[in-house]
Amino acid sequence: MILTGQEIRRHQGKSIVIDPFDESQLNPNSVNLRLHDELLVYEELVLDMRKSSRVRRIAIPSDGLVLATNQLYLGRTVERTETHDFVPMVQGRSSIARLGIFVNATAGFGDVGFAGFWTLQIYAVQSVRIYPGVPICQIFYHTVTGEITEYANGKYQGNRDIQPSLLFKELSPQYDPQLPLPFGQERSR
Amino acid sequence: MILTGQEIRRHQGKSIVIDPFDESQLNPNSVNLRLHDELLVYEELVLDMRKSSRVRRIAIPSDGLVLATNQLYLGRTVERTETHDFVPMVQGRSSIARLGIFVNATAGFGDVGFAGFWTLQIYAVQSVRIYPGVPICQIFYHTVTGEITEYANGKYQGNRDIQPSLLFKELSPQYDPQLPLPFGQERSR
Amino acid sequence: MILTGQEIRRHQGKSIVIDPFDESQLNPNSVNLRLHDELLVYEELVLDMRKSSRVRRIAIPSDGLVLATNQLYLGRTVERTETHDFVPMVQGRSSIARLGIFVNATAGFGDVGFAGFWTLQIYAVQSVRIYPGVPICQIFYHTVTGEITEYANGKYQGNRDIQPSLLFKELSPQYDPQLPLPFGQERSR
């Protein structure tokens, strides 16, 4: 069962936290979430599942940023969400997809108990100018059946920033993080 | 809870309308929807979330059309659907995705109360010949919990054609629609 | 309603079969599935919905394979699954999507009754090195309402290998399969 908008509002501040919560973003059975004003792109020519990757941070100016094609952008929602008792799911909005912008938001896959910002995997089929604060995706909620073990210690729990893939930690548990990079570059940790 | 095919048929003509409804398109827990014989492509080199875009209409001949890569195509379902009491969702069929054709059908996101054709966001990873009338996606239904406020006045409600993104209306409420374009071109309105 | 991890475990070996089942792959409301060590790519320059396509088999060596962009790869899960009474769904893991690898796993669309390996439609937005055995996607389960007619005779039921699109069989029921191809090539049948 999917929660109606009214039911999401009823649980807001209790089992469901969307912060900030803006009443105008409520839909019949979901709530719009907005795009934060920063993006991350990988610096590596060839990514590797087993390796940490250098990332570069890009600001989205108020007059917009043109997304290139064949490029992955990682973004995040303005809103921090926290969900208990329900399975949260996020998907791109129709108006966004109709511009050829695809948003896969599966941070923590919507585990019961996930708390944090949603990292968005964004790519554009055609070049398109985007803006910060745009309602880019929608969160909706499924009821669950069975005993709950919450997502609590996961790689992405309690995140405070856009989160690049941390798959390498899982595949190479012995991974020795490198020294900080010069030139203001960052590395997924 | 997801409705089984039998349950979809039981509600057909009441809470669920799929028009035309073809019994042979019924699956264990979904119904196939078919691709209409027209597509829209954007004419702009760079799309813009805040601007209306020129679009061009392409017919899909009965002997097929080859989809180019790196190009967004907007299509629609042959079927008009209307859903009350349930949340409709649409996703591309497996046989279609196995050809590298990705269909994101999120028009109205499957809001309770959505009525109209489903606009399909289509792109191809590799060049592929498609045909009109092909069963391209599947609609399935979730039950809901909570008081229902139906999708009624949305941008895409009651549509009668393929619907390009109307995001610009939301982002620029003061938008002044331009004069009709010459040369048979159209513009998202 | 979505089954919690505990509930999936409780049904394991009964309504739900995941084989092999590894307790460590259990999440709060899903189970990770792993990438088998083979991929298929189409040999045709232009695919055709109405035609069978030649395919080539690629092994993923233990030291990895770099996925090219603008190329569709068909893979499959290591695990064979079988589901009764519930609707299984599979989606790519967040850690995978954050690397720009998109996995659409809709084999049999998650029909009640589907039994077999899940064919994965994989493409990479940027070049990325992948490895065999990586937990690439997650399976989760919806409860259903209504009388059940199981997926039993479908094109993809009981598969034992990666399954290219068999759409051409549906579109051209009179299709006459060709002779086997020389040079070790294969054809979707």
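Among the residues of the range C:96-110, is any among the basic types (Lys, Arg), at pLDDT 90 or above and surrounded by 24 or more Cβ atoms within 10 Å (Cβ to Cβ)?
Restricting attention to the range C:96-110, the residues satisfying the condition of being among the basic types (Lys, Arg) are C:98.
Now narrow it down to the ones that are at pLDDT 90 or above: C:98.
Cutting the leftovers down to surrounded by 24 or more Cβ atoms within 10 Å (Cβ to Cβ) gives us C:98.
Yes - at least one qualifying residue is present in the range C:96-110.
Would you mind listing the strands (runs of 3 or more DSSP E) fully within the range A:62-159 where at least 1 residues are within 27 Å of A:THR4 (Cβ to Cβ)?
Result: A:73-83, A:86-92, A:101-104, A:115-124, A:135-145.
Give the number of residues within the range A:64-74 that are without any contact (Cβ under 8 Å) to a residue 60 or more places away in the chain and surrounded by fewer than 20 Cβ atoms within 10 Å (Cβ to Cβ). Give the steps one after another, and end with the answer.
Initially, the range A:64-74 is screened for residues without any contact (Cβ under 8 Å) to a residue 60 or more places away in the chain, giving A:68-73.
The next check asks that each one be surrounded by fewer than 20 Cβ atoms within 10 Å (Cβ to Cβ); those that pass are A:68-71.
Matching residues across the range A:64-74 total 4.
Identify, by number, the condition in (1) at pLDDT below 95; (2) under 17 Å from C:THR77 (Cα atoms); (3) touching a helix residue (DSSP H, G or I) at 6+ places or on another chain (Cβ under 9 Å) that C:PHE21 doesn't meet.
Evaluating C:PHE21 over (1) at pLDDT below 95; (2) under 17 Å from C:THR77 (Cα atoms); (3) touching a helix residue (DSSP H, G or I) at 6+ places or on another chain (Cβ under 9 Å) leaves (1) as the failure.
If we scan the range A:6-17, do we find a residue that is assigned to a loop (DSSP other than H, G, I, E, B) and basic (Lys, Arg)?
yes
Quick check on this structure: which one of B:VAL78, B:VAL103, B:VAL87, B:VAL55 is over 18 Å from B:PRO164 (Cα atoms) and touching a residue at least 24 places away in the same chain (Cβ under 8 Å)? Walk me through how you get there before you give the answer.
Details: B:VAL78 fails: over 18 Å from B:PRO164 (Cα atoms); B:VAL103 fails: over 18 Å from B:PRO164 (Cα atoms); B:VAL55 fails: over 18 Å from B:PRO164 (Cα atoms).
Just one listed residue meets the conditions, B:VAL87.
All but one of (1) within 22 Å of B:LEU47 (Cα to Cα); (2) more than 7 Å from every other protein chain (Cβ to nearest Cβ); (3) hydrophobic (A, V, I, L, M, F, W, C) hold for A:LEU72; which doesn't?
(2)
Residues of the range B:159-189 being small (Gly, Ala, Ser) and modelled with pLDDT of 85 or more, which ones?
B:SER165 - this is the single residue of the range B:159-189 that is small (Gly, Ala, Ser) and modelled with pLDDT of 85 or more.
Return the total of residues in the range A:18-42 being in a strand (DSSP E or B) and of a type outside the set (Val, Ile, Thr).
10
From (1) closer than 27 Å to B:THR69 by Cα; (2) surrounded by fewer than 22 Cβ atoms within 10 Å (Cβ to Cβ); (3) away from chain A (no Cβ under 12 Å), pick out the condition that doesn't hold for C:LEU40.
C:LEU40 satisfies all of (1) closer than 27 Å to B:THR69 by Cα; (2) surrounded by fewer than 22 Cβ atoms within 10 Å (Cβ to Cβ); (3) away from chain A (no Cβ under 12 Å) except (2).
To keep it simple, each residue is scored yes or no on (1) modelled with pLDDT under 95; (2) at the interface with chain A (Cβ under 9 Å from one of its Cβ atoms); (3) surrounded by fewer than 20 Cβ atoms within 10 Å (Cβ to Cβ); (4) in contact with a strand residue (DSSP E or B) (Cβ under 7 Å, 6 or more places away or on another chain).
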site: B:PHE117; (1), (2), (3), (4): yes, no, no, yes
site: B:ALA124; (1), (2), (3), (4): no, no, no, yes
site: B:ILE130; (1), (2), (3), (4): no, no, no, yes
site: B:CYS137; (1), (2), (3), (4): yes, no, no, yes
site: B:GLN157; (1), (2), (3), (4): yes, no, yes, yes
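One line per residue, one yes/no per condition, for (1) open to solvent by less than 50 Å² (accessible area, probe 1.4 Å); (2) touching a residue at least 24 places away in the same chain (Cβ under 8 Å); (3) within 26 Å of B:GLY64 (Cβ to Cβ):
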| site | (1), (2), (3) |
| --- | --- |
| B:ILE2 | yes, yes, no |
| B:GLY5 | yes, yes, no |
| B:SER24 | no, no, yes |
| B:ASN27 | yes, yes, yes |
| B:HIS36 | yes, yes, yes |
| B:MET49 | yes, yes, no |
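Any chance the range C:75-94 includes a residue that's in contact with a Ser or Thr (Cβ under 9 Å, 6 or more places away or on another chain), open to solvent by 10 Å² or more (accessible area, probe 1.4 Å), within 11 Å of another protein chain (Cβ to nearest Cβ) and basic (Lys, Arg)?
yes
Check off (1) under 23 Å from A:PRO164 (Cβ atoms); (2) buried (at least 17 other Cβ atoms within 10 Å of the Cβ) for A:LEU45 and give me the number that stays unchecked.
(2)
Name the residues in the range B:43-61 that are at the interface with another protein chain (Cβ under 10 Å from one of its Cβ atoms) and either not hydrophobic (A, V, I, L, M, F, W, C) or not in a strand (DSSP E or B) (or both), would you?
Those that are at the interface with another protein chain (Cβ under 10 Å from one of its Cβ atoms) and either not hydrophobic (A, V, I, L, M, F, W, C) or not in a strand (DSSP E or B) (or both): B:GLU44, B:LEU45, B:VAL46, B:ASP48, B:MET49, B:ARG50, B:LYS51, B:SER53.
The values are calculated or read from the model by the stated rules, or taken from the named source; none is laboratory data. Fair warning: this is a prediction, and the values are worked out from it, not measured in the lab. Cβ atoms come from the backbone with ideal geometry, glycine included; neighbour counts cover every protein chain shown. Please note that ligands, DNA and RNA were not included when accessible areas were found on the heavy atoms of the full protein model with its side chains. Shrake-Rupley method; radii C 1.70, N 1.55, O 1.52, S 1.80 Å.
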